[in-house]
Each structure stands twice: as C-alpha cells, then as structure tokens.
Amino acid sequence: AQKVTQAQTEISVVEKEDVTLDCVYETRDTTYYLFWYKQPPSGELVFLIRRNSFDEQNEISGRYSWNFQKSTSSFNFTITASQVVDSAVYFCALSEPYRDDKIIFGKGTRLHILP
Amino acid sequence: GAVVSQHPSWVICKSGTSVKIECRSLDFQATTMFWYRQFPKQSLMLMATSNEGSKATYEQGVEKDKFLINHASLTLSTLTVTSAHPEDSSFYICSARDPTSPGTGKETQYFGPGTRLLVL
C-alpha cells in the first residue's frame with residue numbers, strides 16, 4: 001500500500017541554520033510521483049516540487065534542495081540558510097498515476113525558524 | 001500556474017444544517033477533482049475523488065451520504081456536508097487535476113485555498 005512517513009513531527013532551528021526534513025515512502029508501483037508542499041499559517045498549500053520516479057537527479061532551487069534516493073525510498077528536503085519566513089508545516093506526498101493520481105500526504109513536519 | 005478557487009473561504013453554521021462548498025478550476029477543465037479534510041495540526045486526508053459526469057469514489061471510512069459530491073461540469077465540483085455536526089468542523093481543501101499539464105517537475109494538481117467550516 002502507498003504510504004508516506006515524515007518521522008519528524010516538529011523541528012526548531014535558529015535562523016540561518018540549515019535544516020533537513022526527512023521523508024520516506026512506500027509504494028508498489030514503479031511509476032509514481034513525489035511532492036513537497038508548504039503550508040503556512042494561512043492554510044493554503046504551496047507547491048514546492050514534483051519529482052517522478054524515473055528521475056533521481058537531485059534538485060536545487062535557491063535555498064531549497066531535494067535528495068531523492070530510490071534505494072532507501074527517501075525524498076528529503078533541505079533548506080539552507082533558513083529564514084523566519086520558512087516557518088510552516090511541510091508535507092511530503094506521493095501519487096501513483098495508475099491509481100487515480102490521488103495524492104497521499106505524510107503527516108507533516110512543523111518547522112519553526114527562530115530569529 | 002493554474003488557479004483553483006473555493007467558496008466560501010469561511011463558514012459557520014448551526015448543528016443540523018447542510019453546508020455546500022464549491023471548488024472551481026478557473027482556467028482549465030478538470031475531469032478529476034479531489035476533496036481533502038484537514039483537522040487542526042493534522043495532515044490532509046483524502047475524502048473522495050470526484051469525476052465529471054459520474055459518481056464520486058469515496059475513501060474508506062468516509063460516509064458518502066453525509067458528504068455529497070457533485071461534479072456536474074468540467075470546472076465545478078461541490079461538496080455538501082449534510083446535517084453537519086461539531087465533529088465535522090474542519091478545513092476542507094479541494095484539488096483539481098489539469099490533464100494538459102506538462103510533465104516532469106511541474107505541478108499537475110492544483111489545490112484550492114481551502115474552506116474552514118465551524119459547526120456550532
């Protein structure tokens with residue numbers, strides 16, 4: 001069955017520190033997509049990245065980077081030089097295109113960036 | 001990116017009343033929309049998959065008679081919470097899949113801003 005595990009419930013770091021959010025997934029399919037979303041206090045989901053299962057290249061976007069490793073079924077997210085505005089709940093998620101493409105979310109990691 | 005709207009953004013109602021929430025894709029046609037529910041400090045839980053012109057598919061444990069979903073057009077899906085009770089108070093979020101979205105790395109499902117329901 002498909003499942004996304006975010007073991008870190010809550011993390012606090014001081015501003016400018018780097019922080020990595022862990023994500024481990026389970027799926028029976030060879031074709032799947034992985035996502036990261038940010039949810040600020042307003043509640044609206046902010047899309048960060050979508051990665052397909054055939055592309056294991058790591059991605060960097062500004063201060064954000066993602067490390068996808070199929071061997072360990074992990075899709076970790078790192079924020080470098082964190083800022084207070086990065087404080088939010090971050091969700092890792094999985095979808096399988098042959099199962100209606102519905103997105104299954106992890107429980108989320110609440111990130112506090114302390115000034 | 002594509003835009004999905006939800007209306008209303010906030011609703012407060014009395015216990016026993018029904019509440020309708022609309023989800024619209026504003027600049028693309030969505031054959032499939034999804035409804036999620038999020039309780040405070042919890043994750044988003046998929047409630048149902050809504051396909052245009054057919055009955056919705058509900059996830060296990062979601063009462064289809066309580067949460068009525070209608071996807072009557074390619075740009076509109078509605079979720080009606082019937083006979084709402086305080087335990088139905090939650091944040092309801094819809095998403096719409098854009099079948100024409102480009103591939104790798106791009107967003108293909110767009111989430112609405114959510115509707116906060118408070119049942120008194």
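The values are calculated or read from the model by the stated rules, or taken from the named source; none is laboratory data. Everything numeric in this text was worked out from a predicted model, so none of it was measured. With ideal geometry, Cβ positions are generated from the backbone for all residues, glycine too; neighbour counts draw on all protein chains shown.
Side notes on the structure shown:
- Some residue of the stretch A:30-42 being within 22 Å of residue B:92 (Cβ to Cβ), part of a loop (DSSP other than H, G, I, E, B), among the hydroxyl-bearing types (Ser, Thr, Tyr) and modelled with pLDDT under 95: yes
- Hey, residue B:100 outside any loop (DSSP other than H, G, I, E, B) and more than 9 Å from chain A (Cβ to nearest Cβ) or not: no
- Picking from residues in the stretch B:17-66 that are among the basic types (Lys, Arg) and within 11 Å of the chain's Cα centre (by Cα), the one that is farthest from residue B:7 (Cα to Cα) is B:37.
- Checked against (1) assigned to a loop (DSSP other than H, G, I, E, B); (2) within 14 Å of another protein chain (Cβ to nearest Cβ); (3) surrounded by 15 or more Cβ atoms within 10 Å (Cβ to Cβ), residue B:84 passes all but condition (2).
- Members of the stretch A:1-36 found to be among the polar types (S, T, N, Q) and more than 9 Å from every other protein chain (Cβ to nearest Cβ), listed by number: A:2, A:5, A:8, A:9, A:12, A:20, A:27, A:30, A:31
- Identity of the residue in the stretch B:8-62, surrounded by fewer than 18 Cβ atoms within 10 Å (Cβ to Cβ) and among the charged types (D, E, K, R), that ends up nearest to residue B:113 (Cα to Cα): B:22
- Qualifying residue in the stretch B:101-115 (condition: in contact with a Phe, Trp or Tyr (Cβ under 6 Å, 6 or more places away or on another chain) and modelled with pLDDT of 95 or more): yes
- Only one of A:39, A:69, A:57 that is exposed (fewer than 13 other Cβ atoms within 10 Å of the Cβ) and within 11 Å of chain B (Cβ to nearest Cβ): A:57
- Test: residue in the stretch A:98-110 that is charged (D, E, K, R), over 14 Å from the mean Cα position of the chain (by Cα), under 13 Å from residue A:35 (Cα atoms) and at the interface with chain B (Cβ under 10 Å from one of its Cβ atoms): yes
- The residues of the stretch A:87-114 that are in contact (Cβ under 8 Å) with a residue 60 or more places away in the chain, farther than 17 Å from residue A:24 by Cβ and surrounded by 19 or more Cβ atoms within 10 Å (Cβ to Cβ), listed by number, are A:111, A:113.
- Among the criteria (1) in a loop (DSSP other than H, G, I, E, B); (2) more than 12 Å from the chain's Cα centre (by Cα), the one residue A:8 does not fulfil is (2).
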